[in-house]
Structure formats: structure tokens, C-alpha cells
């Protein structure tokens, strides 16, 4: 689901930001720079595992984390093995390390803040992070849609092939038969195809 | 002991390590001067998460790294990160993991067992009984932690629970916590148990916050745990340096075979792990602490560094890991046998290990 961005500079906080950083000065400068923006900061210093509790309690929309934090594995896994919805992750880095940042971004990190970044740019960085995250999610969804379509076509093709072979239909007849069954029963063609395949296999494919 | 007339392409190396007992071959290679003997000036960089060690290795900021055995496969496939060809020509260690339960979970099991301590290694059926009891009482699911989604720890934890017919995807919750944070999480009641590498199980037992009920040797018998990973690109640009590095680490693993030397290693590791000798030494001398008052178990293979041809990377080992990844639904559905074979051939490089042995003689 795409995160909404509020372009107005109204005081209503729309997106919650969780900061995981041992460097209090940096975190506070960031927090100050985000006042009167749509981002509400909930700061959290490094407190090992209460991180997960914090994530559960605050349900942040964006996570900011120091690249050296051991919590990075936990954050990264939130989108892979748990039911937690993926969130944009922004990384703090003491030095400017473009190569490392490029790799992290390939690994799903949405933006980064290097040591010499002016906190005044905080809002801009978060805006970019949200935009990039939404784009990334969009691509991921498109990819899984495309995969699903391919998968569905595979089943229909297989059912068609069986009908052609066992029922002596032409390809067009087989396709029409599957489509008609789907329309009559209010089912997806993929489901009809699956049923047909299992039925024909059950009956040994005889006429 | 030279690479003969072969010229080292690079002499200054940056190697990433993680605070675990099995960083010993790399730490001791530096400490004992074995890297130096092979013409290498190595800087070790302690890394705090597997994600960051992975990203640094991919980006070329680390020349080599101590990584979890499944990680080169995951990197080459581009799972959970950028796709990057990473090879394994050297197993740094075998085994070394254990499952520790919180004291309260261990107490619940004792109650189910008429107040008696259950026999160890623990049958996971006890966990199943606790799960059922909690379900009846309307309590929350048990929560276990492993160190990384692509880790032997994750698969060993699952395999152990699967033995009792526990539905690992639904009956329990599994989360990821880096090794150094495990004991704090257990102490704060945020998890009910974890699967982690040494010395972090020992630490939990010493602190009286957990009971180590089974080791990875009990679950998988023998398994490669950490490997010395490099990118294919780096190995191809630095073939002689790569072999020299492997030779130095192989020599260190030979040195680590003796118990007396392991004790010395434990002393040195204190500086890297920031833990006392009483936490680091037991696993290195084959002892698995169980509970604070209980008898330790003797597990001679707890940390294996050389014996039984431990360092030779074998395609069969990779195949087992891929099967575990498939079981955990971590690989794409259309992952074919042919893709599997190719991947294993690309990642596992016993040929390079053999080349190293040839120059080492």
C-alpha cells in the first residue's frame, strides 16, 4: 500500500518516524528539523530488543537507523519473515560511503543521510525516501501481478492441451469451453483449468 | 612457506568479522602472524549486522568476510539484497550453534515433567506440549529468535521444532535478532528462546537467564557454519592473494586443533567479543553449559575448525542448505534442478581450496 504524502505544511502529523540511533545529537537535530512538517518523530536510542516492541507499539511509517546498528538485521527481516508491512528505511552513516549506500539501496533501503548532511534537508530526504519506497513497492507489485498472470496462463494452457488431446477439440474450442465454464460458474479461468486438470487426471483422461 | 614466485596482487586486506567464537581462525591468523608470513597485512573489521557485512562485501569495502554458510548462495541469487556473485572456497568452522530457552519456558517444561528436569538434548515434543497448553489458556504464541533469515540457525531451529510436528509458520513466531543482542532480548522477556552461535548460549547460561537444551550437533550432526566469503570479481582480480589468505587461515585452523591453543585463542577473543573467558572458553574446549547449576554436556565437535576435513567446501553441503531454503519457502517457485546445479557450481569452489593446498605444501 502506498504511503500518502502531505504537501501542505500543516501541523497535523501524518507519518510517524522511528529513529534508532546512538548518536543523540544527530537524532535531536533531525527531530528539530522535522518540526512543523508532516513527520512526527518518535526517537529511540539503541536499546537492543525493545526495538521490536517499539515497532509494534508505534507502528512507524518510516524507520531511520544507523548503518552500524546491530538492529539492522531485525529491521531488514521485518519485511521478509514477519507479517509486518514493509516500511521505508532511511540510513544514517557517519561518513559518506557512496559504495556502501548504493548496495544498501539495492537491498531495499530507501535513502541515506551521511555525516555532513544538513539537518535542514531532513524533510526533503524523507520525502524522497517515501517516493522511492512507493515506486519500489509499485514495481514489486507489478512484478508479482505479472508472475500471477503467467502462472494463470500456464494452468489454462495445460487444461487446453488436455482437452485437445483427450476430447479431440481444436485449440479454439478448448479455449471457448474453458471460458464458457468460467463464465457460467462465475469462476476464474485459472480455477476452472485447475479443476479440469485434476478431474481429467482422476478419470485417467478417458472419454 | 611462500607462494613461490607468484606475485601477490594486493597485500593490504580488509576482512570483516562478527563477534562470535568462530571468528577465531581470522583473529588468530592475524594475532599469530600467519597472515604476515604469507605476505599479507590484514585489518580486521568488526561488523555488527549480517546485512552490513553483506553490503560491504558486495561493495568491495571488505575484501573478504566471515559470513553465515547460506549467505554466498543468497548473495548470488540476490535474495534480500543486491545480486552479487559470491564464492565459498573455505569453511571457517563447523557446528557451534545451540538453542537456549528462557528460564520460565524451561520451568514450564519441568512442570509438565512432574517437576523433573527433562533429559537433554531436549525432545521438541515438550515445546509442542507447551504450545498446546498456551493455546488452551489463550496465551500468546511462543516467540523464538534466530540470527538471520539465511542462516543455519534459522533452519536448525525450524528442523528441531518440525521434528515434533510443530507448524513452524503458524504455531510459533520467529524473529531475527543479531547474535550480540540475543541475551538481552531473552532477559527482557521479549523472546522465549533463541538459536545462536557460541559464545552467546554460554553467556545466557552463565547469567542465569536461559537453559541451553540442544546444540546444532544434536540437530544436524555436522554442518558448515561460517565460511570465508569473497566476491567472484575480487577473487578473479586477486587470485594469488586469495590463495595466500586461504593458506594463512588453513594454517591457523591447524593450530586451533589443540586444546591448549584453543585456550590461548579464548584469551585473545576476549578483546574482540568483549566477554570474559568463562563465557568464551567452554565451547572451544567441547563443553556445552546447560543450566547455571546443571552439569555441562560434553560436545567434542561444538566448535570444529579443522578435523574431518572441515575446511573443504563441498557441493553436497550447499545442496542441503538449498533444500532447507526451499523448505522455508525462501527460493522462487520456478527454481529448477538445473538452476540449483549451476548455482552450487558457481558458489562452491573446492577447486580453489585444492589449489591452496598445493601451494601450501
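The table below lists the values:
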item: Between region B:212-272 and region A:149-207, the Cα center-to-center distance that results, in Å; result: 56
item: Anisotropy class of region B:248-361 from Cα gyration tensor, a/c 1.5 cut; result: oblate
item: Most mobile listed residue (B:235, B:129, B:139) in chain B, GNM with C-alpha springs under 10 Å; result: B:139
item: Alpha-carbon Rg with Dmax, taken over chain B, Å; result: 20.4, 72
item: Value of [θ]222 nm, deg cm²/dmol, for chain B, DSSP H segments ≥ 4, -39500 (n - 2.57) each, nearest 500; result: -13000 deg cm²/dmol
item: Which of A:25, A:66 has the fewest Cβ neighbours within 10 Å, and the rest in rising order; result: A:25, A:66
item: Nearest-ten-degree value, helix A:24-33 long axis tilted from longest Cα axis of chain A; result: 80
item: Normalised contact order of region B:241-338, rounded percent, pairs of Cα under 8 Å and 6 or more residues apart; result: 19
item: Sorted by Cβ neighbour density within 10 Å, fewest at the top, the residues B:104, A:152, A:104; result: B:104, A:152, A:104
item: Anisotropy class of region B:237-283 from Cα gyration tensor, a/c 1.5 cut; result: oblate
item: Order of B:124, A:198 under a 10 Å beta carbon neighbour criterion, fewest first; result: A:198, B:124
item: Within chain A, helix-based [θ] at 222 nm, where runs of 4 or more DSSP H residues each add -39,500 (n - 2.57), nearest 500; result: -17500 deg cm²/dmol
item: Compactness index (Cα Rg / 2.2 N^0.38 Å), region B:22-105; result: 1.30
item: Relative contact order (percent, whole number), region B:25-134, Cα cutoff 8 Å, 6+ residue spacing; result: 12
item: Along principal axes, Cα extents of the protein assembly as shown, largest first, whole Å; result: 79, 67, 66
item: Chain A: translational diffusion in µm²/s, Stokes-Einstein, Kirkwood Rh over Cα pairs, 37 °C, 0.692 mPa s; result: 160
item: Gaussian network model of chain B, springs between alpha carbon atoms under 10 Å - residue of B:326, B:17, B:166 with greatest fluctuation; result: B:326
item: Percentage relative contact order, chain A, counting C-alpha pairs under 8 Å, at least six apart; result: 16
item: Most mobile listed residue (A:101, A:169, A:24) in chain A, GNM with C-alpha springs under 10 Å; result: A:169
item: Euclidean distance between Cα centres, region B:308-345 to region B:1-75, Å; result: 24
item: Cα shape, region B:206-294, gyration tensor, a/c 1.5 rule; result: prolate
item: Average beta carbon contacts from partner chains per residue of A:59-68, 10 Å cutoff; result: 1
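Throughout, read-outs are computed from the coordinates displayed, never taken from laboratory work. Quick caveat, the model's predicted, so the values are computed rather than measured. As a convention, Cβ positions derive from the backbone with ideal geometry for all residues, glycine included, and neighbour counts pool all protein chains shown.
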